[in-house]
Amino acid sequence: MKKENKSVIIWLLSGCVLLFLMVVVGGITRLTNSGLSMTDWHLVTDTFPPLTDAKWQAAFDEYKKFPEYQKINIHNDFQLSDYKFIYFWEWFHRFIGRIIGLVFFVPFVYFLIKKKLDTDTIKKCIVLLAMGAFQGFLGWFMVRSGLIDNPDVSHFRLSLHLTFAFITFAYTLWVALDLIYPERNINKILPLRKIARYALVALLIQIIYGGFVAGLNAGLIHNHWPLMSDGEFIHESVFIEQSSLVKNLIEGKSGVQFVHRTFAYVVVAIILFLYFKSKKYSLTRTQANGINTLVVFVFIQFLLGVFTLLYSVPLALGLIHQIMAFFLLSAMTFTLHRLSK
């Protein structure tokens, strides 16, 4: 790591931490059904929550005009105090998004003026800024789907929003790693790099389906393991819930859960294959540490997934499961970087 890159690396890693925090708060927002509490989208205003009782009441009255209140919460003795709780998590989620925008943009301009960024890093940072802006659009796009007729967001849009946040985090980490390890890695092991790429793709597919499960609340059914129900590895509802098998596997609760719980074995298998295959090569210390960490993390994540399902997605377990996905993706990004660069 070059000394002149230290401040840029700290900046990028700070962005990683904030992206991690944003996804954690996003998970809480989803698990507490808070995502539709703010019914409009202002980029600059609404930076802070209502500060007077009158403004709180006005916000609550506006919320009452939308499907979530009219079809669900109106029947649950939903009061202003309940509204303040769900409003906080959605507001906090958006507030962190604003902070991330500032943290990425302001130092970027500063580093440009001070000429601390080379041409290659500037290009990567511009991509990061574009990804951040697109992520904000995806947040609006997702919330909008739950404010029209259906009092819930589209699970496709939720998964897109979640997965793109993970990808943005991984790319930010990759750019930081480029600066942390500027030397050329002469120990590029192409067979292992290829397996690691497959593992990354498999992990991203699993994250996408994790978003589907969250969006459809599919973790609240079939709370058995390793079978979906007593005596059935595949529950019959996987095939009959929707009009076609494809729809069952992307729109049906049972089908989506079946894919997510079953594809976890695929992710574990590929990472284990990478681990045992790596024993045939002479690895650097960072390469070996990355692969070993991957194996540990994937087993922890697998167990978390099992217990989250068995206990019907309690808030704490659901959140820890999402956090562990972040750590797993971090280890995957690090390992692939060390096998590639």
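The numbers here are math on the coordinates, done by the rules we state, and not lab data. Nothing here was measured: the structure is a model prediction, and the numbers come from that model. With ideal geometry, Cβ positions are generated from the backbone for all residues, glycine too; neighbour counts draw on all protein chains shown.
Cα extents of region 218-303 along the three principal axes, largest first, in whole Å?
On the principal axes, region 218-303 reaches 51, 24, 19 Å in Cα extent.
Hey, could you pull the Cα Rg and Dmax for the chain, both in Å?
For the chain, the Cα radius of gyration and maximum Cα-Cα distance read 21.8, 69 Å.
Per 0.36 nm of contour for each residue apart, how much would the distance between residue 167 and residue 75 grow if the chain were fully extended, relative to their Cα-Cα spacing?
Extra length available between residue 167 and residue 75 comes to 29.2 nm.
Mind jotting down the distance between the C-alpha centroids of region 217-266 and region 191-207, whole Å?
For region 191-207 versus region 217-266, the Cα centre distance is 23 Å.
Between residue 134 and residue 197, what length in nm is gained on full extension when 0.36 nm per residue of separation is reduced by their alpha carbon distance?
20.2 nm
Just want the answer: with Cβ charges of +1 for Lys and Arg and -1 for Asp and Glu, which residue in 158, 21, 181 is farthest toward the dipole's positive end in region 1-182?
181
Please report how far the C-alpha centroid of region 272-303 lies from that of region 129-172, rounded to the nearest whole angstrom.
31
Divide by every residue of the chain the summed helix terms, -39500 (n - 2.57) for each DSSP H run of at least 4, and state the resulting mean residue ellipticity at 222 nm, rounded to the nearest 500 deg cm²/dmol.
-24500 deg cm²/dmol
Roughly speaking, what is the stretch gain from residue 65 to residue 227, that is 0.36 nm per residue apart minus the C-alpha to C-alpha distance, in nm to one decimal?
54.1 nm
What does the C-alpha gyration tensor say about the overall shape of region 1-182? Classify as rounded when a/c is under 1.5, otherwise prolate if a/b is larger than b/c, or oblate.
prolate
Please list, short to long, the whole-number percent of alpha-carbon pairs of region 186-341 in consecutive 5 angstrom bins beginning at zero.
P(r) for region 186-341, in whole percents per bin: 2, 10, 18, 20, 16, 13, 10, 7, 4, 1, 0.
What dipole magnitude, in Debye to the nearest 20, does the chain give about its Cα centre under +1 on Lys/Arg Cβ and -1 on Asp/Glu Cβ?
Roughly 2060 debye for the chain.
Could you compute the net charge surrounding residue 218? Neighbours are other residues with a C-beta less than 15 Å from the C-beta of residue 218; K and R count +1, D and E count -1.
Local net charge: +1.
Just rank 286, 47, 119, fewest to most, by other beta-carbon atoms within 10 angstrom.
119, 47, 286
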